[in-house]
1. Which number in (1) over 30 Å from residue 246 (Cβ atoms); (2) within 30 Å of the chain's Cα centre (by Cα) marks the one condition that residue 94 misses?
2. Only one of these is in contact (Cβ under 8 Å) with a residue 12 or more places away in the chain, more than 9 Å from ligand 1 (Cβ to nearest atom) and within 18 Å of residue 277 (Cβ to Cβ): 251, 247. Name it.
3. Just to be sure, is residue 323 modelled with pLDDT of 90 or more, farther than 20 Å from residue 239 by Cα and outside any strand (DSSP E or B)?
4. For the condition touching a helix residue (DSSP H, G or I) at 6+ places or on another chain (Cβ under 7 Å), outside the structural domain of residue 323 (by TED's automatic domain parsing) and buried (at least 18 other Cβ atoms within 10 Å of the Cβ), what is the one hit in 218, 201?
5. Could you list, in sequence order, the residues of region 55-68 that are within 16 Å of ligand 2 (Cβ to nearest atom) and surrounded by fewer than 20 Cβ atoms within 10 Å (Cβ to Cβ)?
6. For residues that are out of contact with any helix residue (DSSP H, G or I) (no Cβ under 9 Å at 6 or more places or on another chain) and over 17 Å from residue 209 (Cα atoms), scanning just region 1-22, find the one that is nearest to ligand 2 (Cβ to nearest atom).
7. Among the residues of region 125-135, are any under 30 Å from residue 335 (Cβ atoms) and touching a helix residue (DSSP H, G or I) at 6+ places or on another chain (Cβ under 9 Å)?
Ligand SMILES: Nc1ncnc2c1ncn2[C@@H]1O[C@H](COP(=O)(O)OP(=O)(O)OP(=O)(O)O)[C@@H](O)[C@H]1O
Ligand SMILES: [Mg+2]
């Protein structure tokens with residue numbers, strides 16, 4: 001079996017490092033505090049949270065703001081998640097405060113639970129009632145953990161929703177919120193701007209790439225004996241990005257183990273993966289304006305575009321911001337192209 005895994009949550013043997021982060025999150029969960037976890041896409045937020053929660057027997061609710069389309073949808077998704085833990089009959093007595101009763105039904109085809117409200121129901125009321133139910137079932141010896149992924153979407157759902165949600169969360173006890181997000185600038189605006197309702201809501205934890213030494217050991221020990229050089233080459237290409245490292249290592253492993261091809265194995269794996277995405281990259285490139293192309297090309301040539309004089313700094317800066325918002329550029333010690341294969345593609349096509 002290929003010992004590398006990418007694209008979905010990893011645990012067990014596929015998971016490495018994050019020792020300090022795991023300890024920190026567990027410690028925060030043992031208090032009345034909330035956690036805000038920020039990283040670029042695919043750095044391992046979900047995997048880390050999964051690992052932390054796997055060791056906890058507390059009731060857990062998970063929502064993804066990306067799939068919430070309205071305030072009433074948030075309320076019904078919250079109730080649905082609660083009913084999954086507590087069958088309706090067991091908490092019906094806690095629902096007497098509901099001013100608008102939801103309709104709960106089972107989809108006869110999928111078996112999934114559905115929670116609906118009358119279309120014209122007042123959103124504020126729905127949200128208050130649902131959040132109050134959560135507050136009722138969470139008790140000192142039944143403390144809840146509520147994980148909300150892609151939390152930055154909170155500002156796009158409805159005007160004033162973030163403010164309402166914040167004031168309701170503030171009233172709740174016996175639960176910890178873990179709010180995850182991958183759009184760093186938006187997450188920062190939500191949790192670190194004084195005017196935002198979520199200003200200083202919880203401890204902000206930033207997840208970085210996986211440390212080199214640990215990742216080198218992880219990759220080397222899963223490749224055939226004597227592959228340290230290969231592992232180093234993989235990491236030098238991916239810059240220790242969790243997802244892309246596992247993806248490239250997986251391809252390299254296949255070449256080495258199944259196809260017994262050893263020569264230039266990393267370079268050929270890179271080419272194979274870049275070719276696979278050739279069409280996507282080309283479409284992406286075509287959809288971009290000239291400024292963004294120029295910025296990306298400079299990054300691919302390892303130049304810091306902010307320092308370059310051939311383009312006005314403010315233009316470059318707004319281009320970088322735009323590219324960061326779209327997730328194509330991330331900022332660690334400096335600005336970098338998020339996807340090393342896209343980086344490779346740009347370099348190859350702009351020679
Ligand atoms: N601790 C880890 N050890 C090894 N690989 C990891 C680790 N964390 C993440 N990865 C790699 O990165 C991939 C993405 O991880 P995960 O889905 O947890 O990230 P995420 O930040 O939640 O992503 P998204 O932004 O898509 O929600 C995994 O499939 C795995 O290949
Ligand atoms: Mg995730």
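1. Every condition holds for residue 94 apart from (2).
2. Of the residues listed, the single one that is in contact (Cβ under 8 Å) with a residue 12 or more places away in the chain, more than 9 Å from ligand 1 (Cβ to nearest atom) and within 18 Å of residue 277 (Cβ to Cβ) is 251.
3. no
4. It is 201.
5. 60, 62, 63, 64, 66, 67
6. 12
7. no
Condition check ((1) at pLDDT 95 or above; (2) buried (at least 17 other Cβ atoms within 10 Å of the Cβ); (3) not assigned by TED's automatic domain parsing to the domain that holds residue 224) across all residues:
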{"residue": "265", "(1), (2), (3)": "yes, yes, no"}
{"residue": "282", "(1), (2), (3)": "yes, no, yes"}
{"residue": "286", "(1), (2), (3)": "yes, no, yes"}
{"residue": "289", "(1), (2), (3)": "yes, no, yes"}
{"residue": "294", "(1), (2), (3)": "no, yes, yes"}
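The values are calculated or read from the model by the stated rules, or taken from the named source; none is laboratory data. Just so we're clear, the structure is a prediction, and the values are computed from it rather than from any experiment. Neighbour counts are summed over all protein chains in view; Cβ atoms, including those assigned to glycine, are modelled from backbone coordinates with ideal geometry.
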